[in-house]
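Bear in mind that the values in this text are calculations on the coordinates, not laboratory data. Please read all numbers here as calculations on a predicted model, not as lab measurements. All Cβ positions, even for glycine, are placed from backbone atoms using ideal geometry, and neighbour counts span all protein chains on display.
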Amino acid sequence: MFLKDRCEAPTMPMIASSDGTKLYYEEAGAGTPVVFVHEFAGDYRTWEPQMRCFARAHRCVTFSQRGYPPSDVPSDPARYGQDRLRDDVIALMDVLGIDKAHVVGHSMGAYTALNVGIRHPQRCISVTAAGCGWGSVADPAARATMRQAAAETGRMFSEKGIAEAAAVYADGPMRQAHKHKDPRGYAAFVRRLAEHSALGHALTMTMVQAKRPTLWDLEADLKRFLVPLLIIVGDEDESCLDGSLFLKRTAPAAALLVVPRSGHTITSEEPAIVNAALAELFAAAEAGRWLAHKPPA
């Protein structure tokens, strides 16, 4: 019996979301909780530079969103959507007994983090939106173009398969800074992306990215957004510059960090800069001093 028990594979840490979708997560450290929400081209491993840094003094949680193995990859398109991604974060926090956390999101995960802050501000100590804004433009004609591009990207993943589609997607204009600045890190990023699910990417792109409200659609909610908000964007991340500026100008508690000579994969492209900014945010938010630079209202 002892030998049998030792040979059994360990159970993977999973939680069930509100619709039964199982989500894989990892956690490390103890202290004030931090929940990391990855981008379209990422997974739970994306946040390793942040997990290693902040687990020394925080309880850090990273997870793969629905559609990203080892989490479930639902085949029903109706089980994908921005609201479902938002609710998955809350379900994760509920199962892990986390009442409030710093919610840190990148790109697609940044939209989700913002929506968590809008819908559940009482669950957020702070929110970070890094590389946020792809697909968000003020002009209706440009919006239609972006939605069409998302639909075409979804078809690419569906038709070409994950290996070929990953190579094409990873070589986009907003990834070039990472590719040429840090070839080794970029290669690891591409390798992880190629291990994903083509079905999960196709449905996430067509049901989440192509259909979610733009930042401009969220303007009324953002004007009432009082959770400490840190916006991080690379100056070479052209698709996210306008959206990041819009967030800064709209949300009352927002601060904006523009990282020079950097692209979209900012959390792994410039982890030291991102981690320093997050450390400052966490400390100020926990101390109630995030808006200490402004006169009292």
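Quick rundown of the values:
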{"item": "From the coordinates shown, Cα Rg over 2.2 N^0.38 Å corresponds to which of (i) 0.97; (ii) 1.86; (iii) 1.01", "result": "(i)"}
{"item": "Over the chain, relative contact order from alpha-carbon pairs under 8 Å, at least 6 apart, %", "result": "19"}
{"item": "Among 113, 78, 163: highest mean-square fluctuation, GNM of the chain, C-alpha pairs under 10 Å", "result": "78"}
{"item": "12 Å reach of a label modelled at residue 275, 7 Å along Cα-to-Cβ, counting backbone N of segment 46-86", "result": "48-57"}
{"item": "Contact order normalised by residue count of segment 146-297, Cα under 8 Å, 6+ apart, percent", "result": "24"}
{"item": "Projected label distance in nm at residue 76 and residue 30, using a 7 Å step from Cα toward the beta-carbon", "result": "4.1"}
{"item": "Assigned charges on the beta-carbon of Lys, Arg, Asp, Glu; segment 158-294 dipole about Cα centre (debye)", "result": "220"}
{"item": "Extension gain from residue 164 to residue 235, taking 0.36 nm per residue of separation minus the Cα-Cα distance", "result": "22.7 nm"}
{"item": "The chain, dipole about Cα centre (Lys/Arg Cβ +1, Asp/Glu Cβ -1), debye to the nearest 20", "result": "340"}
{"item": "Gap separating the Cα centres of segment 13-45 and segment 190-217, nearest whole Å", "result": "17"}
{"item": "Segment 204-292, relative contact order in percent, only Cα pairs under 8 angstrom and at least six apart counted", "result": "27"}
{"item": "Estimated inter-spin distance, residue 184 and residue 289, nm [label 7 Å along Cα→Cβ]", "result": "3.7"}
